[in-house]
Amino acid sequence: MSGILLIDKPEGFTSFDVVAKVRGIARTRKVGHGGTLDPMATGVLPLFLGAATKACDILPDQTKAYEAWFRLGQTTDTQDCTGKVLSEREVSCTAAQVEEALSRFRGDFLQMPPMYSAIWVQGRRLYDLAREGVEVERQSRPVTVHELRLLEAREENHLYKIYVSCSKGTYVRTICHDVGQALGCGAVMTGLRRVISSGYRVEDAITIEQAQQMADADTLREKVLPVETAFTAYEKIRLTAKNARLFQNGVRLSSSRVGCAGIKGDFCVFGPDGQFLGLGCEEQGELRIRKLFVR
């Protein structure tokens, strides 16, 4: 079985927990995922099966989208409700003030990654250092928030639900934390659901239980998407049967003769019958293999 399976990750599971489960369900060792979700988060997790695992490290940096809840009046060391409480304050903010604070975190800006994150610093993960009580200096990183809006306000409980559409590498719990800092009372994220990842939507995902049921009924293949759906934003070229064979064998072809002259970056390469062969790129006037998905 080869392709992409969309799983709605349950709360309490790590992304690797889901990978391990699906390895057993799909009866294949070759399973990878397309973007880590924290254990407390739920939502769409694209899994790559079989030969499609080759795509895991070359996925385009597409926008991700989340729905998140945060509560005002508290801060923790993890910036979410699972961490150690660092401070508690009175809250007198209105929904209108929350809306105004959210407006400061739209567009391009620098974000300080939290200590409880998977970023490597000095050869170690930040979360490993954080668990040892060690805090190190981090560099702020450029992020883009395309859309940030308030979905629901429960002022009496100081709870707010937001929608965030953002670039890869953006920490939503840090946005929640920083909004709380801007309001002067602190905030912690209390829930997170990823609704879009790599162009895939949570409505199209299935649960682990549903995946098991479909595997038992021998219908799981119906939910496995072609690997090329991960690259729909890329340009496409189609080769003749002869050139397709040459491409698969690593022969460099004249870019002007195969129709890829002037294409910037990677693009999808298909055979004459529409079969996805892999990703190509143009270098020095030639079509070259970026990643091959068929043999």
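Numerical summary
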| quantity | calculated |
| --- | --- |
| Within the stretch 16-66, considering residues that are of a type in the set (Gly, Ala, Ser) and part of a loop (DSSP other than H, G, I, E, B), the one farthest from Arg201 (Cα to Cα) | Ala41 |
| Qualifying residue in the stretch 142-156 (condition: modelled with pLDDT under 95, among the small types (Gly, Ala, Ser) and not in a helix (DSSP H, G or I)) | no |
| Counted residues, the stretch 101-122 - those being over 24 Å from Glu147 (Cα atoms), surrounded by 14 or more Cβ atoms within 10 Å (Cβ to Cβ) and either of a type in the set (D, E, K, R) or under 19 Å from the mean Cα position of the chain (by Cα) (or both) | 2 |
| Counted residues, the stretch 200-247 - those being part of a helix (DSSP H, G or I) and within 26 Å of Pro46 (Cβ to Cβ) | 21 |
| Enumeration of residues in the stretch 28-53 that are in contact (Cβ under 8 Å) with a residue 60 or more places away in the chain and under 18 Å from Ala68 (Cα atoms) | Gly35, Thr36, Leu37, Asp38, Met40, Ala41, Thr42, Gly43, Val44, Leu45 |
| Residue within the stretch 82-100 that is surrounded by 13 or more Cβ atoms within 10 Å (Cβ to Cβ), within 23 Å of the chain's Cα centre (by Cα) and aliphatic (A, V, I, L, M) present | no |
| Condition broken by Cys268, with the remaining ones in (1) assigned to a loop (DSSP other than H, G, I, E, B); (2) in contact with a helix residue (DSSP H, G or I) (Cβ under 8 Å, 6 or more places away or on another chain) satisfied | (1) |
| Residues that are aliphatic (A, V, I, L, M) and either touching a residue at least 24 places away in the same chain (Cβ under 8 Å) or crowded, with 18+ Cβ neighbours inside 10 Å (or both), drawn from the stretch 1-27 | Met1, Ile4, Leu5, Leu6, Ile7, Val18, Val19, Val22, Ile25, Ala26 |
| Residue among Leu192, Leu148 that alone is within 25 Å of Asp61 (Cα to Cα), buried (at least 18 other Cβ atoms within 10 Å of the Cβ) and in contact with an Asp or Glu (Cβ under 8 Å, 6 or more places away or on another chain) | Leu192 |
| Filtered residues of the stretch 247-258 (kept if of a type outside the set (Val, Ile, Thr) and surrounded by 16 or more Cβ atoms within 10 Å (Cβ to Cβ)) | Phe247, Gln248, Leu253, Ser255 |
| Pairs where the first residue, in the stretch 206-230, is of a type in the set (Lys, Arg) and the second is modelled with pLDDT under 95, C-beta under 8 Å, 6+ apart | Arg221/Met1 |
| Residue check for Cys166: buried (at least 19 other Cβ atoms within 10 Å of the Cβ), under 27 Å from Phe48 (Cα atoms), in contact (Cβ under 8 Å) with a residue 24 or more places away in the chain and not aliphatic (A, V, I, L, M) | yes |
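The values are calculated or read from the model by the stated rules, or taken from the named source; none is laboratory data. Because the structure is a prediction, the values reported are computed rather than measured. Virtual Cβ from ideal backbone geometry, glycine too; neighbours counted across all protein chains shown.
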